[in-house]
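Got a structure here, written out as structure tokens. Questions coming.
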Amino acid sequence: MSWIVDLLKAFGGVCRTAALDATMWTVQGSQITVNLKDVPELQKPGGAVFLKGGALRTPVLVVKRPDDGYLCVENRCTHMGRKLDPEPDGTTLRCCSVSHSTFDYQGNELTGPAKGPIRVYPSQQVGSDLVISLE
Ligand code: FES
């Protein structure tokens, strides 16, 4: 039965990664600031959240990397625009659609029908904040 649920989720583009409450992050110009201390999903490697809405033109996926850094990418597959999830291997992202394109942490497409790389945004931790540059 679970394969049916998984298939329906894939058709609907439903990911495991949840949206982060908009009170936990702000956008000023081309910079996003995420208050990390209130985001348990980003405390352990492989954890992730996505940011969407407000002043953001495109959604952003934030992943806690195994090396203790953060990966911030445009959360939009270059095939048909579905969202992405981090894979348990700690090195790839997978589209939540049926076709499941995959990307490495540099944004390069690896498998599937994706039409190009996804955009990776530079980021740095400043105290308890994660600062993401959209430029
Ligand atoms: S939308 Fe990502 S593979 Fe189709």
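Work out from phi, with θ = phi - 60° and the Karplus expression 6.51 cos²θ - 1.76 cosθ + 1.60, the ³J(HN,Hα) of each residue of the range 93-104, listed in order in whole Hz, and give x for Gly and Pro.
Taking θ as phi minus 60°, the curve returns 10, 10, 5, 8, 7, 4, 6, 6, 4, 10, 9, 8 Hz for the range 93-104.
Now for a separate question. Roughly what % of DSSP beta bridges within the chain run antiparallel, to the nearest 5?
95 percent
Normalise the Debye intensity by I(0) for the chain, one equal point scatterer per Cα, no solvent, then take log10 at q = 0.11, 0.13, 0.22 Å⁻¹ and round to two decimals.
-0.37, -0.51, -1.39
Pairs Lys44/Lys115; Lys9/Lys52; Lys37/Lys115: which are spaced more than 28 Å apart, C-alpha to C-alpha?
Values: Lys44/Lys115 31 Å; Lys9/Lys52 20 Å; Lys37/Lys115 36 Å.
Too far apart for the 28 Å limit: Lys44/Lys115; Lys37/Lys115.
For the range 20-25, take each phi angle, set θ = phi - 60°, evaluate the Karplus expression 6.51 cos²θ - 1.76 cosθ + 1.60, and give the result in whole Hz per residue in order, putting x for glycine and proline.
For the range 20-25, the Karplus curve yields 8, 3, 5, 7, 8, 8 Hz.
Could you size up the charge dipole of the chain around its Cα centre, putting +1 on the beta carbon of Lys and Arg and -1 on that of Asp and Glu, and report it in debye to the nearest 20? Walk me through the intermediate numbers first.
On the way: 14 positive and 14 negative charges, 78 e Å.
So the magnitude is around 380 debye.
A short reminder: the numbers here are calculations on the coordinates, not readings from a lab. Because the structure is a prediction, the values reported are computed rather than measured. When we count neighbours, we look across all protein chains shown, and the Cβ atoms used for this are built from the backbone with ideal geometry, even at glycine.
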